[in-house]
Amino acid sequence: MKRFIAGFIFFTFLASPAFTMYSDFSQEPFLNLLQTKPLEDRELRFFLQHHYDSGNIASANIRFGYGFTKNINMYLSVLTHSQVISDGTNSESIDIKEYEYLFLTPVLKDKSNNSLTKASFIGGISTLRADQSSSIKSTGYNNQYILLGLLYDLYSKDPLIFEIAPIFVTDTKDNKSVFEASFGLKYMIGKRTALFAELPILVSNPNNWKNPYSLGLQYKLGPHIISLFVTNTYGFTTSYVLQGIDTTYYGFRFSL
């Protein structure tokens, strides 16, 4: 098995073409925040992301992205995690899942280079489901969120990528809306390595949530990008991107 893994890594290095610094990371999300540049026509991307807390998996995240055309990208994401609930006497772990459907379309080209995208519109819907408890009074829930936003490329020139994203989310069940301004910063420190930071600011915050954050490193391994990070969010789906919590998670993401 070790020989197989070593051979696979060696092969991906040999088989991968030479990439420039910018093209390596221009389509790779910071952590939760997608980047402005859309996928190419019929391009398929896969992301596997795990968040850990004290050595235990806090959440598992899977995302597929597909470019139907250069002007229409679709993303399907699934997040799963367990949460312990208690009535003061008994406690039980229930499963929580979130399903998210996003689409992204370019709305503005770079004036100096028409092949680059300056801004992209993003929209989607997310469904958060929690199982009903069997021993504790809990009815479970099924919440839906509607997301609308704009990904704007403030600066993209080696070695720096800087993006801002005003995002508006409505909880259709509680009729509460959140407005968030997210900032994504990526700095390449080599042909295969980049540091990144994602700092969303909750401008309108009716639930008094904490501001989330993510810091990490991305490394290109052949055709793949591996991300190592710390964050205070459960995952990259809508309801968890909006709220930071008191726990700091560490984790990794593998993309293809």
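Assorted remarks:
- Selection status of Leu228, in a strand (DSSP E or B), touching a Leu at 6+ places or on another chain (Cβ under 6 Å), modelled with pLDDT of 85 or more and aliphatic (A, V, I, L, M): yes
- Residues in region 102-120 that are part of a strand (DSSP E or B) and touching a Leu at 6+ places or on another chain (Cβ under 6 Å): Lys118, Ala119, Ser120.
- Looking only at region 145-180, and only at residues there that are within 25 Å of Asp110 (Cβ to Cβ) and not in a strand (DSSP E or B), the one that is modelled with the lowest pLDDT: Asp158
Yes/no per residue for (1) modelled with pLDDT of 85 or more; (2) touching a strand residue (DSSP E or B) at 6+ places or on another chain (Cβ under 7 Å); (3) within 18 Å of Ser126 (Cα to Cα); (4) exposed (fewer than 14 other Cβ atoms within 10 Å of the Cβ):
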| residue | (1), (2), (3), (4) |
| --- | --- |
| Ala6 | no, no, no, yes |
| Phe11 | no, no, no, yes |
| Phe30 | yes, yes, no, no |
| Asp41 | no, yes, no, yes |
| Leu44 | yes, yes, no, yes |
| Gly67 | yes, yes, no, no |
| Asn90 | no, no, no, yes |
| Asp95 | no, yes, yes, yes |
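- Against the test of being more than 21 Å from Leu150 (Cβ to Cβ) and at pLDDT 90 or above, the options Phe196, Phe252, Phe183 yield a single qualifying residue, Phe252.
- Count of region 57-116 residues which are farther than 24 Å from Arg129 by Cβ and among the aliphatic types (A, V, I, L, M): 5
The values are calculated or read from the model by the stated rules, or taken from the named source; none is laboratory data. These figures come from a predicted structure and were not determined experimentally. Cβ coordinates were reconstructed from backbone atoms using ideal geometry, including for glycine residues, and neighbour counts include every protein chain displayed.
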